[in-house]
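Have a look at the structure below before the remarks.
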Amino acid sequence: MRSYQLPSIEYLKLRFHLEAQLDCRLSSWKGSLLRGAFGHALRRTVCTMRRGQQCDDCMLRSQCAYTRLFETFANGAPPPFINKDHNSPRPFIFEPSDDGQGYQPGDIVWFDIALIGNSIDYLPYVIFAIYQMGKYGLGVNRYPFELKQVFCQQCQDVPSNENDRFQADFQSQHQWHLIYDGADQKILFNPKALTLQNSSHSDDAPASIKLNFLTQTRLVFGHQLSTEFSFRQLVFKLLRRTLELAHFYTPDQTIIWEFHEYLQAANQVLITRSNLHWKDQTRYSNRQKTKLKLGGFVGDLTLEGELAPFMDLLSYAEILHVGKGATFGLGKVEVKSV
């Protein structure tokens, strides 16, 4: 088949260090906690309207950092394959890497956030909202934290003979740089966005790979969460998320909405080994005032076949995640050679 051209998507990867101010205890999985606290802090930081003003009929919503990042309204008719509701996917992804529970004063809670496309323009708002989030406190008991440092992932030069995505470690091509110093409360430099883009995997794609699902992944097929699916079905989920984010947050990119041939080619890739198991998780919803289930599958799949057309899409997924709850950090995937 002719190679399907994915849209290029810029992103920024940030790492936040919050220092505990009191003895405290938090849940081991912090994705929902962090995202919810961030949303509340961002709204308190930027909203200038009267108390009780709803975002959907606010005169400032098209220019507001909160609605551009958190209450993301989709104006006009939706493009193909995108839900016909009034919300677009949110342009950020929390990756809570710290699974500790008990903290003493001086201990660090750390997590990553990926900002997608033109949401990068709101970097100062994001950092300040995280700062405010720590001051307001985390968890049911509102334990205070201080934002000490923020790091940003930036490109470094890679020798030309190491450009193969699957011979050189992806992380070795990026370094973490201090971008915010809590002591001075300053952003130290203007970061350069990283880019997800098409590459030349057709020349060096392996015959088989392993796809690891590192956090609970929630894929719906036939209106039900499932662990039984084909590679073609998985490709559709990955592609849909990629195109949704590109449509709303990289408006300068051309998106090819006709991809039937691409899906047909996915039939040539087989899942030869499935090692998936279900992992239950719950979160408390402040909006619904109840606990919600966030269970999903973790584990790995071994893929074999004509993988070349799909290596770029899989590398996109390592940043963008897949499935429901991606903004919480669910659906995190990793591509590994077998």
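Suppose R0 equals 45 Å; then what is the FRET efficiency for Phe229 and Tyr136 from their Cβ-Cβ distance, rounded to the nearest 0.05?
Between Phe229 and Tyr136 the formula returns 0.65.
Keeping every protein chain present and rolling a 1.4 Å probe, give me the accessible area per residue for the chain in Å².
50
Working from Cα positions, state the angle (0 to 90°, nearest 10) between the long axis of helix 311-320 and the longest principal axis of the chain.
10
Which value in nm describes the separation of the simple spin-label points at Leu263 and Ser208, placed 7 Å from the Cα toward the beta carbon?
2.8
With loop defined by DSSP as not H, G, I, E or B, and exposure as at most 13 other Cβ atoms within 10 Å, which is the longest segment of the chain clear of exposed GluC sites (Glu not before Pro)?
That gives 1-227 as the longest site-free run.
Please give, to one decimal in nm, the separation of the simple spin-label points placed at Gln156 and Thr48, each 7 Å out from Cα toward the Cβ.
Taking the two extended label points, one gets 4.3 nm.
How much net charge surrounds Tyr136 when only the other residues with a Cβ under 13 Å from the Cβ of Tyr136 are counted, with Lys and Arg +1 and Asp and Glu -1?
Values: positive: Arg43, Arg44, Lys135, Arg142; negative: Glu146.
It works out to a net charge of +3.
Going down the table (Lys237/Lys293; Lys210/Lys237; Lys210/Lys291; Lys13/Lys210), which pairs top 28 Å between alpha carbons?
Cα-Cα > 28 Å for Lys210/Lys291; rest within.
May I ask you to give the percent of accessible area on the chain that is carbon plus sulfur, with a probe radius of 1.4 Å?
Working: 7690 of 17060 Å².
That fraction is 45 percent.
Between Arg273 and Trp110, how many nm apart are label points set 7 Å from Cα along the C-beta direction?
About 3.2 nm, to one decimal.
With θ set to phi - 60° and the Karplus curve 6.51 cos²θ - 1.76 cosθ + 1.60, what are the ³J(HN,Hα) couplings of the stretch 26-34 in order, to the nearest whole Hz, using x for Gly and Pro?
Per residue, the Karplus-derived 3J(HN,Hα) values read 10, 5, 5, 9, 10, x, 5, 4, 5 Hz.
Which FRET efficiency value, to the nearest 0.05, is calculated for Gln185 and Lys324 with the Förster distance at 35 angstrom and r the Cβ-Cβ distance?
My answer for the efficiency is 0.45.
Given the rule -39500 (n - 2.57) for each run of at least 4 DSSP H residues, summed and divided by the residues of the chain, what is its mean residue ellipticity at 222 nm, to the nearest 500 deg cm²/dmol?
That calculation yields -6500 deg cm²/dmol at 222 nm.
Based on DSSP loop calls and a cut-off of at most 14 other Cβ atoms within 10 Å, the longest stretch of the chain free of exposed trypsin sites (Lys or Arg not before Pro) is what?
193-286
For q values of 0.07 Å⁻¹, compute log₁₀ I(q)/I(0) with the Debye formula on a Cα-only model of the chain, without solvent.
Here log10 of I(q) over I(0) equals -0.30.
The values are calculated or read from the model by the stated rules, or taken from the named source; none is laboratory data. Here the structure is a predicted model, which is why all the values come from computation and not from measurement. Every residue, glycine among them, receives a Cβ derived from its backbone with ideal geometry; neighbour counts consider all protein chains shown. With ligands, DNA and RNA removed, areas are computed over all heavy atoms of the protein, side chains included. Shrake-Rupley method; radii C 1.70, N 1.55, O 1.52, S 1.80 Å.
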